[in-house]
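> Have a look at this one before I ask anything.
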Amino acid sequence: MDTLRIVGGRELRGRIVTPGAKNSCLKLLAMSIMASDECVISNVPQVTDVDTMCKLLEALGAKVSNTGPGEVRVDPTTIVSADPPDPLVRKMRASVQVLGPLLARFGEVKMPFPGGCAIGSRPIDLHLRGLSAMGAQVSEEHGYIIVRAPRLVGAEIHLDFPSVGATENLMAAACLASGTTIIRNAAREPEIVDEQNFLVRLGADIRGAGTDTIKVTGVKSLGSTNYSVMPDRIQAGTYMIAAAATRGDVTVTGVVPEHLDALAAKLAETGAAVICSEDSVRVAMGDRPVPIAVKSMPYPGFPTDLQAPIAAYLTVCRGTSTITENIFSNRFRYVDELARMGAHVGVDGRTAIIRGVNELTGARVVAPDLRAGAALVIAGLMARGETTLDGTAHILRGYDDVHGKLASCGGDVELVSDSASAAAAE
Ligand code: UD1
């Protein structure tokens, strides 16, 4: 297992270019299953979750090739199987996103329950109930979900919660159903808009993404397209927080600033200067943060994926901050690791109470999941002395070249590979 070695206390200064959004790219790759010819997807982030999705498509029979830096070509015409294999599905929660596209194309899917970050119970009942409303029969056998629908029919679906993944799966399945599907209480995340744009380019008839009502009128078949993935608002937001946390001055470029409004408002509340231009956001900070209250909410609220990173920043606030997690049940797994670095964080139900300390100190810590890992990187950058972060595989699922990007802005961060650390120990 690789390790991140971080020597804290250096201000980050410079520019960071935002890569394409993992959380959209994964779904575009999955949705390409329904295309009738090759799709070329560009601005693809170099993260391991994308590799996993590509392997999953290959395991189904698709031809997937890297045709240039950040460009992936998918030929779905060779897909023969609608049974995604167990180890790949367990590896990543987002593998469930092949369910809707496979069902729409083949009429029957058998897959194990998906895995992913251990951030609390993550059922897929909303996905399955929506597919049932469209005429699918759902059964469970020996840990597998079997969904059958020789013909999906349009339906009115009201989601109990605006689930991102359920909205995406149902939107995809509805593209090739007969009649019109209306998804109410749909997720409004920008990634859903990106996916609507992709599907429309394939020839789908969809309206409403970005609002809470999405209308999809089924078409007989979809075509093919070239498409560039939207920028990753979560990676961008993580670097904005890192800039403030190190009392630095960083411009994050290639973003859609309005995707980052909720974060920008909270950073400004802490005393940071946040300057947005057409496609970049500059964050500068010269002091310890003013304490704030943060509540994660579905978009356009504060994103749950930035809850842990902002918590790390607030560990040195001048007073007491609170963080309330409203989306997932177990997203405070970073708290014990932050405590090793001198943070004072208590958890009461869905709320973490952070009593600010003067400074953090470097320690050996472990990333328990993807965004908690990002939080520990930020804590390492802030801390006095050296931090060794294990469990980096989690971080590399969603951040590409995190060490290179931080080092380019003056951070003392190094990815030490397994073989290098073994050699050093000898
Ligand atoms: C996606 C993102 C993830 C982000 C999350 C919320 C990807 C690959 N992942 O995850 O980074 O944190 O959106 O913005 O895009 N739920 C149910 N039943 C369901 C589906 C969801 O109860 O069938 C619950 C979940 O347990 C969770 C909440 O709804 O408590 C939100 O989940 P959802 O929006 O579906 O998140 P994901 O799509 O899994």
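The values are calculated or read from the model by the stated rules, or taken from the named source; none is laboratory data. Since the structure is predicted, the reported quantities are computational estimates derived from the model, not experimental observations. Cβ coordinates were reconstructed from backbone atoms using ideal geometry, including for glycine residues, and neighbour counts include every protein chain displayed. Heads up: the accessible areas ignore ligands, DNA and RNA and are worked out on the full protein's heavy atoms, side chains in. Shrake-Rupley method; radii C 1.70, N 1.55, O 1.52, S 1.80 Å.
> Checking the condition basic (Lys, Arg), away from the ligand (no atom under 16 Å from the Cβ) and touching a residue at least 40 places away in the same chain (Cβ under 8 Å), which residue from ARG10, ARG73 passes?
ARG10
> Quick check on my filter: what residues within the range 210-246 are open to solvent by 20 Å² or more (accessible area, probe 1.4 Å), under 22 Å from the mean Cα position of the chain (by Cα) and not hydroxyl-bearing (Ser, Thr, Tyr)?
Within the range 210-246, GLY210, ASP212, PRO231, ARG233 qualify.
> Is it the case that ALA420 is open to solvent by less than 60 Å² (accessible area, probe 1.4 Å), modelled with pLDDT under 95 and not acidic (Asp, Glu)?
Details: open to solvent by less than 60 Å² (accessible area, probe 1.4 Å): yes; modelled with pLDDT under 95: yes; not acidic (Asp, Glu): yes.
Spelling it out, ALA420 is indeed open to solvent by less than 60 Å² (accessible area, probe 1.4 Å), modelled with pLDDT under 95 and not acidic (Asp, Glu).
> For the range 35-52, what are the residues that are open to solvent by 10 Å² or more (accessible area, probe 1.4 Å) and either within 22 Å of VAL200 (Cβ to Cβ) or more than 16 Å from the ligand (Cβ to nearest atom) (or both)?
Selection gives SER36, ASP37, GLU38, VAL40, SER42, ASN43, VAL44, GLN46.
> Quick one: which residue in LEU170, LEU202, LEU159 is away from the ligand (no atom under 15 Å from the Cβ) and within 23 Å of VAL98 (Cβ to Cβ)?
Answer to the selection: LEU202.
> Any residue at all in the range 130-145 that is away from the ligand (no atom under 12 Å from the Cβ), in contact (Cβ under 8 Å) with a residue 60 or more places away in the chain and in a loop (DSSP other than H, G, I, E, B)?
No, every residue in the range 130-145 fails to be away from the ligand (no atom under 12 Å from the Cβ), in contact (Cβ under 8 Å) with a residue 60 or more places away in the chain and in a loop (DSSP other than H, G, I, E, B).
> Next question, about the same structure. Out of curiosity, is GLU386 within 28 Å of VAL164 (Cα to Cα) and either open to solvent by less than 10 Å² (accessible area, probe 1.4 Å) or not small (Gly, Ala, Ser) (or both)?
Working: within 28 Å of VAL164 (Cα to Cα): no; either open to solvent by less than 10 Å² (accessible area, probe 1.4 Å) or not small (Gly, Ala, Ser) (or both): yes.
So GLU386 fails the test.
> Which residue, of VAL219, VAL250, is touching a Cys at 6+ places or on another chain (Cβ under 7 Å) and not assigned by TED's automatic domain parsing to the domain that holds GLY410? Steps first, answer last, please.
Numbers: VAL250 fails: not assigned by TED's automatic domain parsing to the domain that holds GLY410.
From the options VAL219, VAL250, the qualifying one is VAL219.
> Further question on the same structure: Please pick out the residue among ARG397, ARG364 that is open to solvent by 50 Å² or more (accessible area, probe 1.4 Å) and of a type outside the set (Phe, Trp, Tyr).
Numbers: ARG397 fails: open to solvent by 50 Å² or more (accessible area, probe 1.4 Å).
On inspection, the qualifying residue turns out to be ARG364.
> Between a first residue in the range 151-164 that is outside the structural domain of PRO298 (by TED's automatic domain parsing) and of a type in the set (A, V, I, L, M, F, W, C) and a second residue that is open to solvent by 20 Å² or more (accessible area, probe 1.4 Å) and assigned to a helix (DSSP H, G or I), which pairs have beta carbons less than 6 Å apart while being 6 or more apart in sequence or on different chains?
That search, which allows pairs on different chains as well, returns ALA155/ALA133; ILE157/ALA133; LEU159/LEU126.
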